[in-house]
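The values are calculated or read from the model by the stated rules, or taken from the named source; none is laboratory data. Quantities reported herein were computed from a predicted structural model and do not represent experimental measurements. Don't worry about glycine lacking a Cβ; one is built from the backbone with ideal geometry, like all the others, and counts go over all protein chains shown.
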Amino acid sequence: MSSDIWTIVHDGSIIAIAAMEPSDLVVTIDIPYLRHMFDANGTAFLIRLHQCDRFEYRDYSDSQWTNSFADIIRAEPEILSVKADTGQEILITCTEGQLRMHYESCTIALDTGVPVTRDELAAAATHYWQEWERAKQEKR
């Protein structure tokens, strides 16, 4: 289990969750600016959590965690940062609440189904933010 993928997709929102056999989840992260670094035909990434035995969300206004996919999708959590990675669970800070999860490993694909490595995704994010910073400096 590695939490670095969640740092790479910060600013992305969870818009879908699908249970797969035997115990995997596919989480759809909508993050157009990063997705367009690959091609213009889509806005999201599919993160498949292998052997996922915990995926829960808690709104800041509620003390109860929910593992209801419908409730989580309705909240459309926007990922801000990884708060903790204990090895037993990952805790993610979102704009309106927190996610906590545990899984063995993950794989990534574009929303078109084309596989993407963690390194390719990280390189695209680095390139995007470097260009963003360059454009910001040029405006000064």
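State all residues of segment 91-110 that are within 14 Å of Gln51 (Cα to Cα) and touching a helix residue (DSSP H, G or I) at 6+ places or on another chain (Cβ under 8 Å); if no residue qualifies, say none. Talk me through it step by step, then tell me what you get.
Of the residues in segment 91-110, the ones within 14 Å of Gln51 (Cα to Cα) are 101-107.
The one that is within 14 Å of Gln51 (Cα to Cα) and touching a helix residue (DSSP H, G or I) at 6+ places or on another chain (Cβ under 8 Å): Cys106.
Is there a residue in segment 64-78 that is under 29 Å from Tyr128 (Cα atoms), surrounded by 15 or more Cβ atoms within 10 Å (Cβ to Cβ), of a type in the set (Phe, Trp, Tyr) and at pLDDT 95 or above? Before the answer, list the steps.
As a first pass, look at segment 64-78 and keep what is under 29 Å from Tyr128 (Cα atoms): 72-78.
Restricting the remaining residues to those that are surrounded by 15 or more Cβ atoms within 10 Å (Cβ to Cβ) gives 72-73, 75, 77-78.
Then drop every residue that is not of a type in the set (Phe, Trp, Tyr), which leaves none.
Looking for residues that are under 29 Å from Tyr128 (Cα atoms), surrounded by 15 or more Cβ atoms within 10 Å (Cβ to Cβ), of a type in the set (Phe, Trp, Tyr) and at pLDDT 95 or above, one finds none in segment 64-78, hence no.
Of the residues in segment 82-123, how many are part of a strand (DSSP E or B) and polar (S, T, N, Q)?
Residues in segment 82-123 being part of a strand (DSSP E or B) and polar (S, T, N, Q): 4 in total.
Which of (1) surrounded by 13 or more Cβ atoms within 10 Å (Cβ to Cβ); (2) closer than 22 Å to Trp129 by Cα; (3) modelled with pLDDT under 95 does Asn41 not meet, given it meets every other one?
Checking Asn41 against (1) surrounded by 13 or more Cβ atoms within 10 Å (Cβ to Cβ); (2) closer than 22 Å to Trp129 by Cα; (3) modelled with pLDDT under 95, the one that fails is (1).
Listed residues Gln51, Gln88; which is surrounded by fewer than 17 Cβ atoms within 10 Å (Cβ to Cβ), polar (S, T, N, Q) and either at pLDDT 95 or above or within 30 Å of Asp39 (Cα to Cα) (or both)? Full working, then the answer.
Working: Gln88 fails: either at pLDDT 95 or above or within 30 Å of Asp39 (Cα to Cα) (or both).
Criteria check complete, one pass: Gln51.
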